Amino acid sequence: VTDEQRFAELRSRLQEVDDLRKATWVLHWDLETMMPPGGAEVRAEQLGTLAGIAHERFTVDELGELLEALRGYEGELDYDSDEASLIRVARREYERARRVPAELRAEMVRAGSHGKQAWLRAREANDYAVFRPALERNLELQGQYIECLDGTADPYDVLVAEYEPGLTTADIAAVFEELRDQLTPLVTALEPPEEPPLDLGLSDRESRAAVDRVLARLGFDRDWGRVDTSVHPFMINFGTRDVRLTIYKEGGLRTVYAALHEFGHGLYERGVDPALERTLLAQGASGALHESQSLLWENLVGRGRPFCDWLARELGGVDPQALYRGANRIERSLIRVDADPVTYSLHVIFRFELEHELVSGALAPADLSEAWNSRVADYLGLAVPDDLRGVLQDMHWSDMLMGYFPSYALGHVASAQIWERASADLPQLDEELARGEFRPLAEWLRERVHRHGQKFTTPETMERAVGGGFDPEPLLRVVRSKLNSS
Ligand code: ZN
């Protein structure tokens, strides 16, 4: 058997796994957008069955043997080649998938769904104590999971590697500490805004029509994409030429900006090199890189003056200055998902600090609610009135999603770095955006970021995008200019 034959065998096995995974995504998309509520119970079984088959096919011994046999071949190939990248990334994922026993995975899924129920009950009672036992159980299982994957210097590293391959807890902490120390004095000094939130007076139907027009001008083509409504907007894709966005049903400025955000995620998946199709490389590099793309379109394009000028004309009868001020309204608030681009990172940074302390054992779950409230006082200068507006607001810790929070703020950091780089490379960018010409920026992003898919780790992809690692300075420059102009 030649190496080429072995590689062809590996590729075809991985394609089969990818097909199964994408099929679960279709079921999931349908669940969120189309399915009548009565379908929920059977759909959960269907999703479980398909995911189980995909996991089985991915973790068979034969796949491991192929990956071993291909080590020499991989070494002869160029590191950047599609072939070497596929072998490398498949090995990383295979080893992770094999090291965690199926029973522990199943127990984590069960604990996650119990955790969500407990979290909902705690929210109803507005009492963190109702949720605490479930959190303790989740942390115990998370600890067992980390042991399977041997936590190196810091057990939280295992969770970081899951969402941001190539990064460590210490890398993230260094970026966040600088961002936090620079942002905190600016944010705690913020006065409440004088103007109320901008009301465009659009009906649901008018706002949907506006979103459709804006997406069409952005280059979102109905030949490879579609838009539906859901409770929470999201993007999902089943191939580089099948990208689904969802938006809010309700009209208003929030709907337009949420659509820009999901468009950014969708453009990333659309821009992945078609040669990577039907493999695990055909997706965004990481949570942070994905957020960098959605946030670039939402905040750096969408909340900039040139785009606001264009959007005001596009909407008709809207004062560009009022639209700009409305899109850049800055206000300290208690709820992360409502936070503006200036204050948002601080919400994420203290969640990262707290979950890092929980996982390492430095913070006991019994002290979490108090620890939360004191971080909000320190970083945002606000008093938390109750658990609902404090520690119980996010679902992540109830559903075993520890380790994902950092990606949100790293995405903010990266979006500003990528934006600065693109602006330097595209001297006409502002004029183009003001005219509603988005192709030059989209092309630049495809070349620098999108086409690589998941071939490279988070730092390797950043290196290719901006020539270096995460740096909070560009984001701080954006923040300072927003604060000075408002
Ligand atoms: Zn997003």
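The values are calculated or read from the model by the stated rules, or taken from the named source; none is laboratory data. Because the structure is a prediction, the values reported are computed rather than measured. Cβ atoms come from the backbone with ideal geometry, glycine included; neighbour counts cover every protein chain shown. Areas reflect the complete protein model, heavy atoms only, side chains present, ligands, DNA and RNA absent. Shrake-Rupley method; radii C 1.70, N 1.55, O 1.52, S 1.80 Å.
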- Item | Pairs, first more than 13 Å from E277 (Cα to Cα) in the stretch 10-34, second acidic (D, E) and open to solvent by less than 60 Å² (accessible area, probe 1.4 Å), C-beta under 6 Å, six or more apart | T33/D228
- Item | Failed criterion for G201 (all others in (1) among the small types (G, A, S); (2) touching a residue at least 12 places away in the same chain (Cβ under 8 Å); (3) assigned to a loop (DSSP other than H, G, I, E, B) hold) | (2)
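When the stretch 147-156 is examined, which residues are found to be crowded, with 20+ Cβ neighbours inside 10 Å and either modelled with pLDDT under 95 or in a loop (DSSP other than H, G, I, E, B) (or both)? If you could, list the steps in order and put the result at the bottom.
As a first pass, look at the stretch 147-156 and keep what is crowded, with 20+ Cβ neighbours inside 10 Å: 155-156.
Hit for the stretch 147-156 is P155, nothing else.
Residue-by-condition table, conditions (1) open to solvent by less than 20 Å² (accessible area, probe 1.4 Å); (2) touching a residue at least 40 places away in the same chain (Cβ under 8 Å); (3) away from the ligand (no atom under 16 Å from the Cβ); (4) in contact with a Pro (Cβ under 7 Å, 6 or more places away or on another chain):
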{"residue": "Q393", "(1), (2), (3), (4)": "no, yes, yes, no"}
{"residue": "P406", "(1), (2), (3), (4)": "yes, yes, no, no"}
{"residue": "R421", "(1), (2), (3), (4)": "no, yes, yes, no"}
{"residue": "E437", "(1), (2), (3), (4)": "no, no, yes, no"}
- Query: Of all residues in the stretch 428-486, which are modelled with pLDDT of 95 or more and of a type in the set (S, T, Y)?
  - Reply: T457, T458, T461
- Note on the structure: Selection from the stretch 244-272 of residues surrounded by fewer than 24 Cβ atoms within 10 Å (Cβ to Cβ), closer than 25 Å to A465 by Cα and more than 15 Å from the ligand (Cβ to nearest atom) yields R270, G271
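I need the full set of residues from the stretch 283-327 which are among the polar types (S, T, N, Q) and out of contact with any Gly (no Cβ under 9 Å at 6 or more places or on another chain), in order please. Talk me through it step by step, then tell me what you get.
First pass over the stretch 283-327, keeping only residues among the polar types (S, T, N, Q): 283, 286, 292-294, 299, 321.
Those that are among the polar types (S, T, N, Q) and out of contact with any Gly (no Cβ under 9 Å at 6 or more places or on another chain): N299, Q321.
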- Query: Hey, V100 hits all of (1) open to solvent by 10 Å² or more (accessible area, probe 1.4 Å); (2) touching a Cys at 6+ places or on another chain (Cβ under 7 Å) but one; which does it fall short on?
  - Reply: (1)
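Give the stretch 18-72 a look and list any residue that's in contact with a Gly (Cβ under 8 Å, 6 or more places away or on another chain) and open to solvent by 40 Å² or more (accessible area, probe 1.4 Å), or say none. Before you say what the answer is, go through the steps one by one.
Step one: list which residues in the stretch 18-72 are in contact with a Gly (Cβ under 8 Å, 6 or more places away or on another chain), which gives 22, 31.
Scanning the stretch 18-72 gives a single hit, L31.
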- Within the stretch 221-241, restricting to residues that are within 16 Å of the ligand (Cβ to nearest atom) and not in a strand (DSSP E or B), the one that is most open to solvent (accessible area, probe 1.4 Å) is H232
- Message: So R278 passes all but one of these: (1) at pLDDT 95 or above; (2) under 21 Å from A339 (Cβ atoms); (3) open to solvent by 10 Å² or more (accessible area, probe 1.4 Å). Which condition number does it fail?
- Response: (2)
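Looking only at residues that are acidic (D, E) and at pLDDT below 95 in the stretch 181-198, which one is nearest to A322 (Cα to Cα)? Steps first, please.
Taking the stretch 181-198 as the starting set, the residues that turn out to be acidic (D, E) are 181, 191, 194-195.
Next, only the ones that are at pLDDT below 95 stay: 191, 194-195.
On the way: E191: 19, E194: 13, E195: 10 Å.
Among them, the one singled out is E195.
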- Message: Please go through the stretch 161-180 and give me each residue that is of a type in the set (V, I, T) and either at pLDDT below 95 or part of a loop (DSSP other than H, G, I, E, B) (or both), ordered by number.
- Response: T168
- Task: Report whether or not V384 is in contact with a helix residue (DSSP H, G or I) (Cβ under 7 Å, 6 or more places away or on another chain), within 27 Å of R464 (Cβ to Cβ) and either of a type outside the set (G, A, S) or away from the ligand (no atom under 16 Å from the Cβ) (or both).
- Result: no
- Message: Within the stretch 235-244, does at least one residue satisfy the condition of being among the basic types (K, R), closer than 19 Å to H28 by Cβ and under 18 Å from the mean Cα position of the chain (by Cα)?
- Response: yes
- Enumerated helices (runs of 4 or more DSSP H) restricted to the stretch 32-131, each holding at least 2 residues that are among the β-branched types (V, I, T) and over 20 Å from M400 (Cβ atoms): 40-58, 82-99
- Note on the structure: L382: passes all of (1) of a type in the set (A, V, I, L, M); (2) assigned to a helix (DSSP H, G or I); (3) in contact (Cβ under 8 Å) with a residue 24 or more places away in the chain; (4) more than 30 Å from S85 (Cα to Cα) but (2)
